[in-house]
1. Being in the same structural domain as Ser427 (by TED's automatic domain parsing), touching a strand residue (DSSP E or B) at 6+ places or on another chain (Cβ under 6 Å) and either modelled with pLDDT of 95 or more or not basic (Lys, Arg) (or both) is true for just one of Ile205, Ile227, Ile234, Ile299. Which residue is that?
2. What's the number of the only condition in (1) surrounded by fewer than 19 Cβ atoms within 10 Å (Cβ to Cβ); (2) assigned to a helix (DSSP H, G or I); (3) more than 28 Å from the chain's Cα centre (by Cα) that Ala237 fails to meet?
3. Which residues, taken from region 408-433, are of a type in the set (Asp, Glu) and either touching a Phe, Trp or Tyr at 6+ places or on another chain (Cβ under 7 Å) or closer than 16 Å to Met265 by Cα (or both)?
4. Looking at region 207-218, I want the residues that are among the basic types (Lys, Arg) and have a partner that is surrounded by 17 or more Cβ atoms within 10 Å (Cβ to Cβ) with Cβ atoms under 7 Å, at least 6 apart or on another chain. Which pairs are those?
5. Could you pull out the residue among Val258, Val253 that is in a loop (DSSP other than H, G, I, E, B) and surrounded by 21 or more Cβ atoms within 10 Å (Cβ to Cβ)?
6. Can you name the residue in region 114-157 that is in contact (Cβ under 8 Å) with a residue 12 or more places away in the chain, out of contact with any strand residue (DSSP E or B) (no Cβ under 6 Å at 6 or more places or on another chain) and of a type in the set (Ser, Thr, Tyr) and, of all such residues, is surrounded by the most Cβ atoms within 10 Å (Cβ to Cβ)?
7. Of the residues that make up region 259-278, is at least one at pLDDT 95 or above, within 20 Å of Phe199 (Cα to Cα) and acidic (Asp, Glu)?
8. Identify, by number, the condition in (1) surrounded by fewer than 18 Cβ atoms within 10 Å (Cβ to Cβ); (2) in a strand (DSSP E or B) that Ala180 doesn't meet.
Amino acid sequence: MDVNYLNEQVIFIPPPGALQQISYWKIRRNLMKRKVLTMMMLLLSCTLTLWAGGNKEETATSEPVVLNVWEHTPQFEPSLDATLQNFMQSNPDIRVEYEIKTPDKYYALLGTTIQAGEAPDLFWTNGTATTDLGNLVKQGAVMDLTGSIDLSPYSSMAKKMITIDGKVFLTPGATIGTRAVFYNKGIFKENNISVPETFADFEAILETLHKADILPLSFGGMFSWSILFHFEPILAAMAPDWLDEATAGTARVDDPRVKAAFNKMLEWGDKGYYGPGYLGVDEGGQLLAFSKGESAMTITGSWNADTLRKNNPDMEIGAFQIPTEDGRRPLVVTFSTGFCVSNDTDYPEEALRLANYLASVESQQIWVDNLKDVPGLDGVTTDDSLVKEIIASDIQVNSFYTILGDFAKPGSAPTQLWEQDNVKLLSGKYTTDEFVDMLAKEMK
């Protein structure tokens, strides 16, 4: 036997012919062992793959789809939360998350989010009341819902708010968004004041309170929407005939009756009926001042009724419409709107299911119950005493803002001009004539 040494390790070199003496059966047995081991490993691998695949499917079906919804104002959160909770109970495969924005920045945030490709699955818009929905439709940002949601319970006015060129682009709302004068019944009683029966009576109340060193009206003079909801009841009381004529397209916005209503709003400010710093007050400050008893009245949207009550549960709150000089009580009527479905949603089937639910009588009843707002859909009711005071009226009139939108020139946006510049009217940057003429140039 030869022995070679390499790095001090011994290597055995078999003699010639020794390899041929290895048993054939030993080689065969080793090969069989290797085949069996390989087959066992393949079987185990397949089993693990099947088990993993089954587990993944089970996990996928057990995890709900997540939809994100945007709402434009905090006042609607209780209603939105309640109706979404009800939806998720009946649809456990969908989880809905929502975000509450503020109306002053809502459309700017929404536009930025859509441009970034991160739009929420559903989002509120105010329909055809402004040009915003039309712009979103032109961008291809919203889903065409025509034939996908049940609109049979809704009035033609409600459908008008959600329809562009015969196509439906958002869910309707079941509430009528009106405006009202909310008043502190305690202050009225202490000062022997009754609900006014004429416009002159209302102005007399303002002066009586002012002379008694009681702030007559809290007013958010720095917030365009507060200005709208304050102005519209004044216009309705002073010129309901103009609102009817303008709705029919036979009267223009630069009418002397409109100018008189603007001047009346400014006159009340000059007389101190809004307080010395009202131009620096936003909507939240307006509502809070009333809730704290710092003012006897405030003029705002009907949807704020429950907010006022929650702010001060101990206050006895009443409501009325500013009467005309001949004693009629006009009610400004606008139909609420719901939610668009994003064209970029990853879950169109689930988003449409939610949209259909939001348009249902079931969902709208929950909305009205929690918001304490004015129902405007057959089958949706309220027993709320304050709501009944809000809607006590003799005539219904259109919204000034709706008229601006309905009669805008092609390519013009008088509603946007209103939103941007009505604060400048109050601050004195524009005269009434200048402001009204600016609006008139944007309209047919």
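The values are calculated or read from the model by the stated rules, or taken from the named source; none is laboratory data. These numbers were taken from a predicted model, which means no experiment stands behind them. Don't worry about glycine lacking a Cβ; one is built from the backbone with ideal geometry, like all the others, and counts go over all protein chains shown.
1. None of the other options fit; the residue is Ile299.
2. For Ala237, the failing item is (1).
3. Our first condition is that a residue be of a type in the set (Asp, Glu); within region 408-433, this holds for 419, 421, 433.
Residues satisfying the conditions are Asp421, Asp433.
4. Close Cβ pairs satisfying both conditions: none exist.
5. Numbers: Val258 fails: in a loop (DSSP other than H, G, I, E, B).
One residue alone meets the criteria, Val253.
6. For region 114-157, the residue satisfying everything is Thr130.
7. Scanning region 259-278, I find at least one residue that is at pLDDT 95 or above, within 20 Å of Phe199 (Cα to Cα) and acidic (Asp, Glu), so the answer is yes.
8. (1)
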